[in-house]
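Read the figures in this text as sums done on the coordinates, not as results from a lab. Keep in mind it's a predicted model, so treat the numbers as computed, not measured. FYI the Cβ positions are ideal-geometry reconstructions off the backbone, even for glycines, and counts take in every protein chain you see.
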Amino acid sequence: MLFNSYSFIFIFLPLAVLIYFLSCRYWPAKVARLVLLISSLIFMSLWNIYCALVLISSVLFNYLLGLTLSKAIAAANKPRKKLIFIAAIGGNILLLGFFKYTNFFLTNINDFFSAQVSLINLIIPIGISFYTFMQIAWLVDIYRNGGFRYSLIDYCLYVTFFPYVISGPIAYHKEIIPQFESENAGIFNTATLCRGIFIFTLGLFKKTAIADTLAIIANGGFDAHSALSFTEAWLTSLSFTMQLYFDFSGYTDMAIGIALLFNINIPANFNSPYKALDIREFWRRWHITLSRFLRDYIYIPFGGNRTGEIRTLINLLLTFLIAGLWHGAAWTFIFWGFLHGLALVVHRLWLKTGFHLNKFFAWILTFNFVNMAWVFFRAKNWEDAFNIIKGMAGFNGILISPHQADNPFWQKLTVIGIKFGEWRAHLPDTENFIYFLCLVMIPFVLLTKNSNQLLEKFSPNWRNALAIALLMICGLLLLNDASVFLYFRF
Amino acid sequence: MNYSKWLKITISLTGIFLLVVVTVNFYIDSYGVRTSLFNPAKFQNSNRKFCATGMNQHISAPEQVFSRPQDFDSFIFGSSRTSVIDPRKMTGGKYFNMSYAVGLPSEHLAVVKAFLKKGIHIKTVVIGLDESYFSISPEQQKNQLINIMHPYITGDSLINLFYRYFCRMPKLFEISLEYKRLFKGEQKDKCITDENGMNIGWLNKEKTIIASGKPIFTKEDIRYEPTPYSNKALNESLNAIDELNILARKNNFTLIVFINPTHSHMYLHDAHGLFAAKEKIAQITDYYDFSGLNSVTTNDLAFIDEGHYRYLVGDIIIKRIFGSGNINIPIDFGVLVTKKNVNEHIRKQKLELKKYLSKTMP
């Protein structure tokens, strides 16, 4: 079931909220949490019962090993502690690897050894990348500090909580479970409800009105099997850059809004990432919960920056190679991770020189790097990626509308290879404004406050009631064209 | 303002806005769905101007037959290309032109099954095939508002259908077209049909060509870019044609299949894909092939645009298949292809293509 569907917005969500708060009112808090857990499992089952079964198996496996680990630590049994920890982490990696990377591995074996091993017909359980990381974080925390023993219901609810189980944010147990256990958790609060509706509506609008509109050009350009011209390639890449942001941050806003309806605050995932002036800042603003997971549970365990400069650079690169692989089982994803890792390495070395770039140039450099790297992230294969990159570099020709053929300014530019022709021949035939929406969105993301900042300042008044009603109606009426969220595939 | 008041105002405003948009969508009825289902008689008024974006003929055409089942026993199926064929000129039955935008064989099959289920007696089914049959899968178009099929045929509920058409944000181009229709009375190039299902939206273009004796479209530069066809779409279409053939034998109606002509420039891109498709279709049924490089497809005057032939060409097709009408048929236009002559036919077409390419693109 999609967040951006009528059945979710008008049936599942109101029923889940109503039943939860009625349970809180008439039954003990634990029963209410069980009710919420059942709602979450129903939500997952509505996607696919098989996905729900994999989720339940993973949760029970981790809970069992987590408790055993915690007990081993309490008993100061070091060998047992290490053994259980390795088994638990290994189990999670194996589970994720089996579902997500088996066919990637087999394809590479086939390519490399010219073998013909049959691929396995596997459905990747939705959300597995997210809930596996959340559970690894819990296990590592127990291993490091001991404790963190929760009841089965609380733990299951933490992992399966439907606002974030499918695409994050990757919330930590220590920031969510105490909220479930809090005395105020079950008290219905109109202010929180309004805040939830506010940010949910912003997210719905971002997804249905902006991201799905940008998707027309992005999908058309990436699916075109012809060489894209300069303008086509740039419009395609920028449309995807903006689409991904509005899609994923829209999803996260909706997740935050839904969680607020249950009095639960989940962490923000975005903080205007395209305002970043360097790549390190970008990763502090983009997919924040993934970045902190990578830092806390991969980069630091590798040694972080405590083991010498060269090792630090290698750690950075390795962390981002893993980030690339986490996003998808394809070499283009790994290359995307490598590019970001390399950029962080270059940035770290640059800082040591003591030079500072002008803010404008720093932004141009960062934004364009991110935009170019997204091409590898989105492309289905190397050929598609290089087709776009070549187009962006002008190798496939620069075309200007034939209507400009009489314009002396453009005529002069023909000496550098600019030609007059159909500049959007390989893009979908659609309304004119859609081609340029990606360009309009650049100043928009730079100059406006993001949804979390707006939520912080939210206080009820006529103006925002009218605005939210308008955005809500746009979001709802555009649900007819709804597509799935991009990050569901990761 | 307190939170409760804010909540009430926001929900009320959302409800009001929703009601306004749904009412406006229902009134303007951009795709003619409301009119098709509740006022099909309106289609018999050939002077009307409605449906800003053009009717959804997947709904309007079957509905006209459902509402007047006694009037028709024979049907011509196809895409916008076949929509200019005049059913009144066809012999051996009471014909209705069932053409709809990018009509696919699997859709024709579903409609024929629905007619039979409704107890409509069928004498003849004529199917005009396009190259799109071998490149477009039904999946690709089932969610497009111009292509959603009649609810009786899909089994979809009316509520769901109305939700899709009326509970949605109108696109900018629809608003612009609707504005022109309502306030300026304009409705250019949109497919509107007469009571027998023939598209009358292009009659003015036909008149212009006759009056001026000149082509009305600008030809693009000649290019040769063979289009890769999807095996999946081709197989889906072949399976549907095969099933129609079986249905025809079982229900004792005549099935006539033909391949539509396209302008030679457009044909160039599709020729290779079509050769493979033509060979396979011949194994299922005989058919008339009007495509290729012949005196009609190389004549700009025979076309409204590169993809659509004129009403006049429709008349020639009828004459070739049914022998009716007072019109001369160019000798090279329309070959009856059978299992026996298909290989020879394709060999000839390949040779013609080679000659044409060496002449036009040396």
Quiz prompt | Virtual spin-label span in nm between B:Leu312 and A:Phe395, 7 Å along Cα→Cβ | solution = 5.0 nm
Quiz item: Which value does Rg/Rh take for the stretch B:203-293 over its C-alpha atoms, Rh per Kirkwood?
Solution: 1.09
Quiz item: When only Cα pairs under 8 Å and 6 or more residues apart are kept, what is the percent relative contact order across chain B?
Solution: 19 percent
Self-check item: Sequence-distant aspartates and glutamates (8 or more away, or on other chains) whose Cα lies within less than 13 Å of A:Lys174
Solution: A:Asp141, A:Asp154
Quiz prompt | Pair-distance profile P(r), taking every C-alpha pair of the stretch A:206-261, with 5 angstrom steps and integer % | solution = 4, 22, 23, 17, 12, 9, 5, 4, 2, 1
Quiz item: Using θ = phi - 60° and the Karplus form 6.51 cos²θ - 1.76 cosθ + 1.60, what ³J(HN,Hα) does each residue of the stretch B:259-266 get, whole Hz, x for Gly and Pro?
Solution: 9, 5, x, 10, 4, 3, 4, 6
Practice problem: List the residues whose amide H sits under 5 Å from the amide H of B:Thr193, counting only those 5 or more places along or on another chain, with H placed 1.01 Å from N in the peptide plane. | Solution: B:Ile200
Quiz prompt | Taking only Cα atoms of the protein assembly as shown, radius of gyration then Dmax in Å | solution = 31.2, 102
Quiz item: By counting other Cβ atoms within 10 Å of each Cβ, how are A:Arg25, B:Arg34 ranked from fewest to most?
Solution: A:Arg25, B:Arg34
Quiz item: A:Lys352: which aspartates and glutamates have alpha carbons under 20 Å from its alpha carbon, excluding same-chain residues fewer than 8 sequence positions away?
Solution: A:Asp278, A:Glu281, A:Glu309
Practice problem: First measure r as the distance between the Cβ atoms of B:Thr91 and A:Asp223, then evaluate 1/(1 + (r/R0)^6) with R0 = 35 Å and state the FRET efficiency to the nearest 0.05. | Solution: 0.15
Practice problem: Please report A:Phe3, B:Phe183, A:Phe98 as a ranked list, fewest other C-beta atoms within 10 angstrom at the top and most at the bottom. | Solution: B:Phe183, A:Phe98, A:Phe3
Quiz item: Tell me, in nm to one decimal, what length is gained between A:Thr190 and A:Asn271 on full extension, where the rule is 0.36 nm per residue of separation less the Cα-Cα distance?
Solution: 26.5 nm
Exercise. For B:Val337, enumerate residues with amide H under 5 Å from its amide H, sequence gap 5+ or separate chain, H modeled in the peptide plane.
Key: B:Tyr287, B:Tyr288, B:Asp289
Quiz item: Are any of the pairs A:Lys419/B:Lys355; B:Lys123/B:Lys250; B:Lys89/B:Lys207 more than 21 Å apart by Cα-Cα distance, and if so, which?
Solution: A:Lys419/B:Lys355
Exercise. Determine the relative contact order of the stretch A:356-490: mean sequence separation of Cα pairs under 8 Å and six or more apart, normalised by residue count, in whole percent.
Key: 12 percent
Quiz item: Which aspartates and glutamates have a Cα lying under 12 Å from the Cα of B:Lys280, excluding residues fewer than 8 positions away in the same chain?
Solution: B:Asp242
Practice problem: Give the calculated FRET efficiency between A:Gln411 and B:Glu186 to the nearest 0.05, with a Förster radius of 35 Å applied to their Cβ-Cβ distance. | Solution: 0.45
Quiz prompt | In sequence order, calculated HN-Hα J values of the stretch A:238-250 (Karplus, 6.51, -1.76, 1.60; Hz; x Gly/Pro) | solution = 5, 4, 5, 4, 6, 4, 4, 5, 5, 5, 6, 6, x
Self-check item: Spatial separation of Cα centroids for the stretch A:416-486 and the stretch B:1-20, in angstrom
Solution: 23 Å
Quiz item: What is the order of A:Thr213, A:Thr192, fewest Cβ neighbours within 10 Å to most?
Solution: A:Thr192, A:Thr213
Exercise. Run the numbers on the stretch A:169-282 and let me know its relative contact order in percent, using alpha-carbon pairs under 8 Å that are six or more apart.
Key: 40 percent
Quiz item: So what are the ³J(HN,Hα) numbers for the stretch A:359-373, from phi and the Karplus equation (6.51, -1.76, 1.60; θ = phi - 60°), rounded to whole Hz, Gly and Pro as x?
Solution: 4, 5, 5, 4, 5, 4, 5, 5, 4, 5, 4, 4, 4, 5, 5
Self-check item: For A:256-264, mean number of other protein chain Cβ atoms within 10 Å
Solution: 0
Self-check item: Built amide H within the under 5 Å cut-off of B:Ile127, gap 5+
Solution: B:Phe77, B:Ile256, B:Val257, B:Phe258
Exercise. Could you please state, rounded to a whole Å, how far the C-alpha centre of the stretch B:284-359 is from the C-alpha centre of the stretch A:246-291?
Key: 60 Å
Quiz item: Add -39500 (n - 2.57) for each DSSP H run of 4 or more in the protein assembly as shown, then divide by its residues: what number comes out at 222 nm, to the nearest 500 deg cm²/dmol?
Solution: -19000 deg cm²/dmol
Quiz item: Which of B:Lys8/B:Lys184; B:Lys219/B:Lys350; B:Lys113/B:Lys219 have a Cα-Cα distance over 31 Å?
Solution: B:Lys8/B:Lys184; B:Lys113/B:Lys219
